[in-house]
Amino acid sequence: VINALQQPRQQAIVVGSGPVGVATSLILATNHNYDVTLLESSPASSTQTKYDPTKAFLYNVNGRGQRLTKMFPEMHQRMVERSVISKGFGGTKLTIVPADPGESIPEQKANVPAAADKEDNDDDNKSMPSGEKAGNVGFWIPRHEMVKLMVEEIEEHNKRGLGGTITLCTGQECVSVVPRTNEDGESDTVVVTTKDASSSSSSQEISTNEYNANLVIGADGMNSKVRQCLHNAPPGTWSSNCVKSSKFQPKTYTSPASFLRIKVLQLPPQFEIPDADGKPPLKTFSQDIYAIRSVNTGPRTFLSLGLLPMKDNEAVRPTNIITRPDHGIWKITNGKSMREYFQQAFPRLNFQEGGLISNQEWDRFAKAEGTRFPPCQYSPGLAVWDESGRSGVALVGDSIHAFSPDIGQGVNAGLMDVVCLDRALAGFDDVESGNDNDTTANDKTKKQTTSTTLEANLQRYQKQHAPEIAALIRLARFGAPYQYKQPHRADRALRLVWTANVAMRLLLNKVSFGVIQPPCIILSQNEDLTFRQVMRRADRTTALLKTIVLAGLTLWAKR
């Protein structure tokens with residue numbers, strides 16, 4: 001990679017200070033010698049490094065995401081220390097708590113050990129479907145902890161004084177992104193205009209700021225203002241060699257998990273779940289996964305409490321409530337009624353007044369709007385540059401792809417965007433890093449190119465990474481869309497079809513000794529495969545199955 005200390009200092013702006021935005025800042029300052037200004041619309045008092053029940057997400061940082069974290073060994077080590085380790089697609093065990101209080105809770109199985117020697121990994125791989133690596137290790141970590149350890153890495157980077165500096169500016173909402181023309185009529189920088197995020201649209205005086213940079217990165221989420229600016233740019237704003245502005249209009253698809261509503265109910269740490277037949281209650285442990293079923297099973301009443309693993313056993317335990325938008329809980333707006341509803345739905349748990357959950361939490365939960373899973377969308381356009389080729393804009397993370405979390409690739413795909421952008425800026429011919437029999441990704445010829453201008457680097461990022469994003473969205477649409485047990489009758493019927501398809505592919509994979517590939521959701525756990533390779537392998541199996549069916553129908557018709 002580029003030796004940052006030997007390069008002239010340039011300016012970069014990153015819009016958005018979530019995990020992907022912070023990771024991008026670190027890469028630009030460390031590997032490419034940029035002085036980075038990190039713009040965040042939230043005010044300073046609304047820090048992303050503290051727990052917030054409205055953003056109580058947990059990430060499972062798998063091998064793809066770790067390609068970024070391992071570039072910063074100290075940060076990676078902090079992630080390991082603050083997370084719960086899981087191994088492989090089937091490595092994490094869970095406890096399913098029956099709804100009926102008279103039914104005993106099944107015995108809890110221990111999680112697969114975090115560390116295993118090579119012999120153990122070899123044994124695991126023998127039992128896994130061909131295409132998945134059982135030894136892959138993931139790390140469960142809350143979102144705010146992930147941002148926190150990255151911010152700590154920024155502070156340490158600035159103290160070391162090596163490479164560029166990173167400056168965080170909060171309360172700055174992006175308004176426009178345009179190339180700036182100098183006195184000679186040439187554009188050589190990009191100007192980002194922001195406004196004070198606390199200013200209302202009706203204010204007569206709105207404070208604005210301008211930031212100039214050679215490179216601007218949009219990491220500002222699925223409703224990216226940076227992407228909107230590129231989409232709305234008049235003809236001739238950017239180089240004629242760039243993709244058309246229409247390419248920055250996201251392509252949107254609906255999956256069975258799209259538009260599900262979710263909000264978080266906070267349970268106390270180490271709460272107890274009563275068991276049946278006089279058995280002692282099950283004391284919950286933060287590093288275990290639980291699915292607590294309700295007695296309600298109707299299309300508009302089904303509920304389940306899902307608790308994912310987290311390191312701190314003394315911390316509040318957030319549980320996700322995920323339903324269709326027409327579920328009854330979204331009509332309840334006061335704490336007392338919500339508590340009574342949950343007591344009826346979960347008779348095993350003590351949701352009476354003065355029980356597990358305080359009245360204040362019930363009130364907060366009842367009034368919370370929550371959020372909705374997005375549709376599967378991606379932007380075919382990833383980057384632009386000016387006519388001089390010396391300045392440009394690139395997009396990463398949710399600004400170029402958004403989908404529901406059922407395939408477990410959200411933050412990992414975002415961090416891989418940053419890795420691919422890093423390789424493009426370093427001048428590598430191959431910005432992806434997959435490894436498949438039908439590619440030469442690991443061939444020694446895949447090295448730095450002689451052309452390392454910003455224009456050439458952004459062209460490579462656009463050309464090579466855009467197809468990868470399209471494949472990722474296909475995986476999101478078909479990978480595991482029914483894992484939330486959507487209760488509508490159509491959902492249940494289609495879930496049976498999806499389950500049968502997965503089971504058939506797994507069986508064929510076993511009996512064919514790996515010639516027929518397993519389902520794409522299994523293949524996606526192999527970090528050595530790009531998403532394009534995952535979907536290409538799955539498509540081969542689909543084509544084979546179609547051929548077999550057509551051949552069978554043809555033979556039957558000739559009888």
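The values are calculated or read from the model by the stated rules, or taken from the named source; none is laboratory data. For clarity, every value in this text was computed on a predicted model and none was experimentally measured. As a convention, Cβ positions derive from the backbone with ideal geometry for all residues, glycine included, and neighbour counts pool all protein chains shown. The protein model used for the area step is the full one, side chains on, heavy atoms only, and it has no ligands, DNA or RNA in it. Shrake-Rupley method; radii C 1.70, N 1.55, O 1.52, S 1.80 Å.
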Notebook entry, point to check: Out of curiosity, is Arg532 open to solvent by 60 Å² or more (accessible area, probe 1.4 Å), of a type outside the set (A, V, I, L, M, F, W, C), in a helix (DSSP H, G or I) and within 30 Å of Val431 (Cβ to Cβ)?
Noted result: yes
Margin query: Any residue that is assigned to a loop (DSSP other than H, G, I, E, B), at pLDDT 95 or above and under 23 Å from Glu145 (Cα atoms) - is there at least one of those in region 388-396?
Written below: yes
Check: Is at least one residue of region 479-490 of a type outside the set (S, T, N, Q), part of a helix (DSSP H, G or I) and open to solvent by less than 60 Å² (accessible area, probe 1.4 Å)?
Finding: no
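For region 352-370, give me each residue that is assigned to a loop (DSSP other than H, G, I, E, B) and over 24 Å from the mean Cα position of the chain (by Cα).
Listed by number, the residues that qualify are Gln352, Glu353, Gly354, Gly355, Leu356, Ile357, Ser358.
Would region 273-288 turn up any residue that is in contact with a Gly (Cβ under 6 Å, 6 or more places away or on another chain), surrounded by fewer than 18 Cβ atoms within 10 Å (Cβ to Cβ) and not in a loop (DSSP other than H, G, I, E, B)?
Restricting attention to region 273-288, the residues satisfying the condition of being in contact with a Gly (Cβ under 6 Å, 6 or more places away or on another chain) are 276.
Imposing the further condition that a residue be surrounded by fewer than 18 Cβ atoms within 10 Å (Cβ to Cβ) reduces the set to 276.
Now restrict to residues that are not in a loop (DSSP other than H, G, I, E, B): none.
No, region 273-288 contains no residue that is in contact with a Gly (Cβ under 6 Å, 6 or more places away or on another chain), surrounded by fewer than 18 Cβ atoms within 10 Å (Cβ to Cβ) and not in a loop (DSSP other than H, G, I, E, B).
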Checklist line | Tally, over region 343-362, of residues that are open to solvent by less than 60 Å² (accessible area, probe 1.4 Å) and under 18 Å from Gly102 (Cα atoms) | finding: 7
Notebook entry, point to check: Could you say whether any residue in region 447-469 is modelled with pLDDT of 95 or more and in contact with a His (Cβ under 9 Å, 6 or more places away or on another chain)?
Noted result: yes
Notebook entry, point to check: Do the conditions hold for Val393, that is, is it within 26 Å of Ser187 (Cβ to Cβ) and in contact with a helix residue (DSSP H, G or I) (Cβ under 6 Å, 6 or more places away or on another chain)?
Noted result: no
Next item on the list: Among the strands (runs of 3 or more DSSP E) lying completely within region 147-256, list those that include at least 1 residues that are more than 29 Å from His76 (Cβ to Cβ) and at pLDDT below 95.
Entry: 172-181, 187-196, 208-213
Check: Failed condition for Met71, given (1) out of contact with any helix residue (DSSP H, G or I) (no Cβ under 7 Å at 6 or more places or on another chain); (2) more than 26 Å from Arg317 (Cβ to Cβ); (3) not in a loop (DSSP other than H, G, I, E, B), with all others met?
Finding: (3)
Next item on the list: With the checklist (1) more than 30 Å from Pro250 (Cβ to Cβ); (2) within 21 Å of the chain's Cα centre (by Cα) in hand, flag the one item Ala345 doesn't pass.
Entry: (2)
Notebook entry, point to check: Taking region 495-529 as the search range and keeping residues that are under 25 Å from the mean Cα position of the chain (by Cα) and open to solvent by 60 Å² or more (accessible area, probe 1.4 Å), which one is nearest to Pro375 (Cα to Cα)?
Noted result: Trp498
Checklist line | Residue count for region 218-230, restricted to those that are surrounded by 17 or more Cβ atoms within 10 Å (Cβ to Cβ) and without any contact (Cβ under 8 Å) to a residue 40 or more places away in the chain | finding: 1
Checklist line | region 371-385, residues that are of a type outside the set (Phe, Trp, Tyr) and either over 18 Å from the mean Cα position of the chain (by Cα) or in a helix (DSSP H, G or I) (or both) | finding: Pro380, Gly381, Ala383, Val384
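Listed here are the residues, each with its yes/no results for (1) modelled with pLDDT of 90 or more; (2) surrounded by fewer than 22 Cβ atoms within 10 Å (Cβ to Cβ).
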residue: Val22; (1), (2): yes, no
residue: Thr30; (1), (2): yes, no
residue: Thr49; (1), (2): no, yes
residue: Phe57; (1), (2): no, yes
residue: Leu68; (1), (2): yes, no
residue: Glu74; (1), (2): yes, yes
Next item on the list: Could you look through region 8-59, keep only residues that are aromatic (Phe, Trp, Tyr) and in a loop (DSSP other than H, G, I, E, B), and pick out the one that is nearest to Glu145 (Cα to Cα)?
Entry: Tyr51
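Just checking, does region 517-532 include any residue being under 30 Å from Ser388 (Cα atoms) and out of contact with any Cys (no Cβ under 6 Å at 6 or more places or on another chain)?
Applying the first criterion (under 30 Å from Ser388 (Cα atoms)) to region 517-532 yields none.
So far as region 517-532 goes, no, none of its residues is under 30 Å from Ser388 (Cα atoms) and out of contact with any Cys (no Cβ under 6 Å at 6 or more places or on another chain).
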